[in-house]
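So the structure is just underneath, and the comments pick up after that.
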Amino acid sequence: MIKVTYVAHDGTETVIEAEEGTSVMQAAVSNDVEGIVGECGGSMMCATCHCYVDEAWEAKTGARSDDEDEMLEGAASEVTERSRLSCQIKLDPSLDGLVVHLPEEQL
Amino acid sequence: MALAPLDEAITLDQLSSDPYPIYRRLRAESPVLRVASTGRTLLTKAALTKAVKDNPELFSSDDPKTPMKPAFRAHTLMRKDGKEHFVERKAISKALTPKRIKADWGPLYAQLSEEYIARLPRGETVDLFTDLCGPLAARILAHILGIPEASDEQMMRWSQLLIDGAGNFGWKPEPFAASDAANDEMDALFAELEPIRRAEPDGSAYALMLTAEDPIPMSQIHANIKIAIGGGINEPRDALATILYGLLTNPDQLAEVRAQDAWDKAFEEGIRWVAPIQASSRLVTEDTELGGFEIPKGDTVMTIQASANRDEELYEDGESFFVFRDKNPHQAFGNGPHHCAGAHVARRTVGKIILPMLFDRFPDMTLPNPDEVVWKGFGFRGPINLPVVLN
């Protein structure tokens, strides 16, 4: 199991254990983490699973794809260099302990 | 493993007039059922409908057996999968993102809503379905798409003719003749507006698709706009009428929605309760299994979102309109790659702009005879009249 911490916009932290191979979005949705909607189920069609990767984890989560970049342009909250669509971050053992911050709004 | 049971009793008329008691029975007794009158295998539990939508390789949208192609005179993105679908979807979804809808278009939507609501007479009985829900949905969509030169009447007529054609499973010639005529009108208008949208791009879907760095073919640009016309008027119209019905027949909930400014919750509950798009079809690409039954390749399964949205496993008393549910994981916008492209527009316009504005102007609005409201539709559903007294 891989540990992921979601930090809500108001600072509330939710820590969950997720299975390897699931995405940061799926892990949030199946554990009822507020602040990630992920309505399209990970098809990069809705821009409602926006998150900011914690500075310490930026190198490990990798870079955004071009398609992801384009979808993020339409996200409801501010997009920064640490913005990712959480459906595009797949959990593997190197991400155990990952911390992501959630935007003010997704819709 | 056996094939799913076959039902020869349920009729299309029953499904159109009052499907919910049937769905409740099917969820309990036969959540995977071949229904002869529809020619499809109906799936009525939320886990099944979601599993199908989330697996587009096995449950394909690319179904050549539907009348959608002649109705739209195109193979549209609704009926494509994978990369092909993604490219065309991306081309139009840029006009429909949360950011664009909120920041760029919000003020215009508010202004249009104000104009249409201001026209309604105070103190009289008005059918909001015909006098507000349809025309306002049409006007907003015309602007989003970049064809505001089209009249409300044209938008609504084209939309209905495209839907009638796409639903012409009896393959009769008349609906296709009517949709052909509508296609001619639309193509002519799009051609006329093309140089204007190119010269002065206005952020509309048409302008964005025309001026994209690597544009999709013109035939698909036209097809995308037509899909949006066919799929972007009836749904917000029916959603608005359904939510108004729900609130006006539950005055205590309406009072609480007002007190908490919970219009967005009312929106989500309305579309859960009676999803404007009740059912969708997917073609099975390989022999598989659903709910313990054999589903052969070539079969067409029908996900009944309407029923998934009332599934007892997810909802307590799902048959009732109740805005203040703890959770509302409804499937009214679908799931997977074909998740409704207009979801953000609908949430913003109906949920955040039109509903509060309407109740602000007519705080004592009533629906004196709820029994007079007629509900209709199997594939698409909503009230077809909404006689309210505006005060």
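Looking at the stretch B:45-61, can you tell me whether even one residue there is away from every other protein chain (no Cβ under 14 Å) and in a helix (DSSP H, G or I)? I'd like the intermediate steps shown before the answer.
Filtering the stretch B:45-61 down to residues away from every other protein chain (no Cβ under 14 Å) leaves B:45, B:48, B:58, B:60.
From what's left, in a helix (DSSP H, G or I): B:48.
The answer is yes; a qualifying residue exists.
To keep it simple, each residue is scored yes or no on (1) over 19 Å from B:Ser151 (Cβ atoms); (2) touching a residue at least 40 places away in the same chain (Cβ under 8 Å); (3) in a helix (DSSP H, G or I); (4) touching a strand residue (DSSP E or B) at 6+ places or on another chain (Cβ under 8 Å).
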{"position": "B:Trp171", "(1), (2), (3), (4)": "yes, yes, no, no"}
{"position": "B:Leu189", "(1), (2), (3), (4)": "no, yes, yes, no"}
{"position": "B:Met209", "(1), (2), (3), (4)": "yes, yes, yes, no"}
{"position": "B:Ser219", "(1), (2), (3), (4)": "yes, yes, yes, no"}
{"position": "B:Lys226", "(1), (2), (3), (4)": "no, yes, yes, no"}
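When the stretch B:136-155 is filtered for residues that are surrounded by fewer than 20 Cβ atoms within 10 Å (Cβ to Cβ) and either in a strand (DSSP E or B) or not hydroxyl-bearing (Ser, Thr, Tyr) (or both), the ones remaining, listed by number, are B:His143, B:Pro148, B:Glu149, B:Asp152, B:Glu153, B:Gln154. Restricting the first member to the stretch B:138-159 and to residues that are among the β-branched types (Val, Ile, Thr), and the second to residues that are part of a loop (DSSP other than H, G, I, E, B) and surrounded by 18 or more Cβ atoms within 10 Å (Cβ to Cβ), the beta-carbon pairs closer than 7 Å and six or more apart or on different chains are B:Ile144/B:Ser204. Within the stretch A:45-61, residues that are more than 14 Å from chain B (Cβ to nearest Cβ) and crowded, with 21+ Cβ neighbours inside 10 Å have Cβ atoms under 8 Å from residues that are among the small types (Gly, Ala, Ser) and assigned to a helix (DSSP H, G or I) in these pairs: A:Cys51/A:Ser86, counting only partners at least 6 apart in sequence or on another chain. Would you say B:Gly318 is away from chain A (no Cβ under 14 Å) and either surrounded by fewer than 19 Cβ atoms within 10 Å (Cβ to Cβ) or of a type in the set (Asp, Glu) (or both)? The answer is no for B:Gly318. Scanning the stretch A:62-85 for residues that are hydrophobic (A, V, I, L, M, F, W, C) and in a loop (DSSP other than H, G, I, E, B), we see that the one that is nearest to the other protein chains (Cβ to nearest Cβ) is A:Ala76. Does the stretch B:232-251 contain any residue that is at positive phi, assigned to a loop (DSSP other than H, G, I, E, B) and surrounded by fewer than 23 Cβ atoms within 10 Å (Cβ to Cβ)? For the stretch B:232-251, residues at positive phi, assigned to a loop (DSSP other than H, G, I, E, B) and surrounded by fewer than 23 Cβ atoms within 10 Å (Cβ to Cβ): absent.
Does the stretch B:250-270 contain any residue that is of a type in the set (Val, Ile, Thr), touching a Leu at 6+ places or on another chain (Cβ under 7 Å) and in contact (Cβ under 8 Å) with a residue 60 or more places away in the chain? Walk me through it before giving the result.
We begin by selecting, within the stretch B:250-270, every residue of a type in the set (Val, Ile, Thr); these are B:257.
Now restrict to residues that are touching a Leu at 6+ places or on another chain (Cβ under 7 Å): B:257.
Okay, now just the ones that are also in contact (Cβ under 8 Å) with a residue 60 or more places away in the chain, so B:257.
Scanning the stretch B:250-270, I find at least one residue that is of a type in the set (Val, Ile, Thr), touching a Leu at 6+ places or on another chain (Cβ under 7 Å) and in contact (Cβ under 8 Å) with a residue 60 or more places away in the chain, so the answer is yes.
Only a single item in (1) in a helix (DSSP H, G or I); (2) in contact with a strand residue (DSSP E or B) (Cβ under 7 Å, 6 or more places away or on another chain); (3) crowded, with 20+ Cβ neighbours inside 10 Å is not met by B:Leu42, and it is number (1).
Restricting the stretch B:333-342 to residues that are buried (at least 22 other Cβ atoms within 10 Å of the Cβ) and not in a loop (DSSP other than H, G, I, E, B), the residue that is farthest from the other protein chains (Cβ to nearest Cβ) is B:His338.
Every number in this text was worked out from the coordinates using simple rules, so none of it is lab data. Everything numeric in this text was worked out from a predicted model, so none of it was measured. A quick note on method: Cβ atoms are made from the backbone with ideal geometry, for glycine too, and the neighbour counts reach across all protein chains shown.
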